[in-house]
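The values are calculated or read from the model by the stated rules, or taken from the named source; none is laboratory data. Nothing here was measured: the structure is a model prediction, and the numbers come from that model. Cβ sites come from the backbone with ideal geometry, for glycine too, and all protein chains shown count toward neighbours. All accessible areas refer to the heavy atoms of the entire protein, side chains included, with ligands and DNA or RNA removed. Shrake-Rupley method; radii C 1.70, N 1.55, O 1.52, S 1.80 Å.
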Amino acid sequence: MRRVRWLASLFVLGATLVLGGRSASAQTCSISTTPVSFGIYDVFSATPLNSTGSLNYQCTWIVHQRTIYLSKGSAPNNNPRQMVSGANRLNYNLYLDAARTQIWGDPNPYAFSDTGWDFFPNVTLTIYGSIPAGQDVPTGAYTDAIVATVNF
């Protein structure tokens, strides 16, 4: 049985904070992530390999509108994203919803966007990941790096 083992550090590698019209010295936000780590991909499985991660942001001011983008990583676009191991590629994607139907990416309409008054918000969002079944790839450590951009 041939299996693919890889580790993913999809969100720890980068985050960008954009303060729309606010002074960064007067107000701050912190962003943290939990990687989407799929573990072992079985090339013989008939079902997709799913996993979740999270993105948390906490601010010291009132937030009214926010948009969060996830980069395409090493792929040429958001659909599909690709993890790499040398010259080999393994397709996957990240989603806004548990049903894994709404790709979370960059630019719109692939972004998380929300409007509402949050007083000193501490928000955690789930990131849903999936590797489609049926990809015959060589064994290796497949990784990708995604940058989360948060616009307030």
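Where only protein heavy atoms count, and the probe is 1.4 Å, what is the accessible area per residue for the range 25-126 in Å²?
Per-residue accessible area for the range 25-126 comes out at 51 Å².
Measure of size requested: the Rg and Dmax of the range 34-88, with Cα atoms as the atom set and Å as the unit; please supply both.
16.0, 50
For the range 39-76, which chymotrypsin sites (Phe, Trp or Tyr not before Pro) pass both filters: DSSP loop (anything but H, G, I, E, B) and at most 10 other C-beta atoms within 10 Å?
PHE44
In whole Hz, with x marking every Gly and Pro, tabulate ³J(HN,Hα) for the range 46-62 from phi via Karplus 6.51 cos²θ - 1.76 cosθ + 1.60, θ = phi - 60°.
The phi angles translate into 8, 10, x, 9, 10, 7, 9, x, 8, 10, 10, 10, 9, 10, 9, 8, 6 Hz.
In bins 5 Å wide, starting from 0, what share of all Cα pairs of the range 66-152 does each bin hold, as a percent?
For the range 66-152, the binned pair fractions read 3, 13, 23, 22, 15, 11, 6, 3, 2, 1 percent.
Please state the relative contact order of the range 69-112 as a whole percent: Cα pairs under 8 Å, 6+ residues apart?
36
Once phi is turned into ³J(HN,Hα) by the Karplus curve 6.51 cos²θ - 1.76 cosθ + 1.60 with θ = phi - 60°, what whole-Hz value does each residue of the range 141-152 show in order, with x for glycine and proline?
Per-residue couplings from phi come out as 9, 9, 9, 8, 10, 10, 9, 9, 10, 10, 9, 10 Hz.
For the pair SER32 and ASN79, what calculated FRET efficiency results from E = 1/(1 + (r/R0)^6), where r is the Cβ-Cβ distance and R0 = 30 Å, to the nearest 0.05?
It comes to 0.70.
Give me the extension gain from ALA133 to THR115: residue separation times 0.36 nm, minus the current Cα-Cα distance, reported in nm with one decimal.
2.9 nm
Once the piece of chain linking ARG100 and SER45 is laid out straight, how much longer is it, given 0.36 nm per residue of separation minus the C-alpha distance between them?
Gain on extension, ARG100 to SER45, equals 18.0 nm.
What list of ³J(HN,Hα) couplings, whole Hz, do you get for the range 68-78 from phi and the Karplus terms 6.51, -1.76, 1.60, once you set θ to phi - 60° and write x for glycine and proline?
Result, rounded to whole Hz: 10, 10, 10, 5, 7, x, 8, 8, x, 7, 7.
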